[in-house]
Amino acid sequence: MLNKKKPQVDSVDTIIGADTVFEGKITSKTSLRVEGTLDGEVHLEGDLTVGTDGRVTHDVQARNVTLAGHLSGNLTVSEKLHILSSGHFEGKARIGALIIEDGAVFDGESQMNKEKTQQNQSDETKEAQPKKQKA
């Protein structure tokens, strides 16, 4: 009997290399790294990383997105969008949290996911409260 491993959402099992152009739709339970060009829909349960020379065009859904290259289209990120200093985003973004480094470009609209933002604030409040010690 074959031992089927459950996909690890935190692992990157798909890489689109620097000299690769992909057109179409990608759906994955894990994460994706793009160093080349991807023109199409992306639906990930894991994270999307777009390298410095990477280009993604179209609609993207992912848990987290780290952008060092170029992404244009509609973006839905359940947790965090992190645009590095070399990153460039154009389009509409619906996100849980946003980090934009100096030098990065964000050209478009953003909308925070209210449920995720409220959950993050609640978690931060719990962490900030002093912990009770047992006597």
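The values are calculated or read from the model by the stated rules, or taken from the named source; none is laboratory data. Quick caveat: nothing in here was measured; it's all calculated off a predicted structure. No Cβ is skipped: glycine too gets one built from the backbone with ideal geometry, and neighbour counts run over all protein chains shown. Side chains are part of the model used for accessible areas, which takes the heavy atoms of the whole protein and leaves out ligands, DNA and RNA. Shrake-Rupley method; radii C 1.70, N 1.55, O 1.52, S 1.80 Å.
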**Per-region count, the stretch 23-38, residues part of a strand (DSSP E or B) and open to solvent by less than 70 Å² (accessible area, probe 1.4 Å)** = 7
**Asked** What about ASP53, is it free of Cβ contacts under 8 Å to residues at least 40 places away in the same chain, at negative phi and in a strand (DSSP E or B)?
**Response** no
**Cβ-Cβ under 9 Å pairs, at least 6 apart or on other chains, the stretch 20-40 side at positive phi, far side of a type in the set (S, T, N, Q) and surrounded by fewer than 18 Cβ atoms within 10 Å (Cβ to Cβ)** = GLY40/THR57
**Prompt:** Any idea which residue in the stretch 61-111 is most open to solvent (accessible area, probe 1.4 Å), counting only those that are among the acidic types (Asp, Glu) and either out of contact with any strand residue (DSSP E or B) (no Cβ under 9 Å at 6 or more places or on another chain) or part of a loop (DSSP other than H, G, I, E, B) (or both)?
**Reply:** ASP102
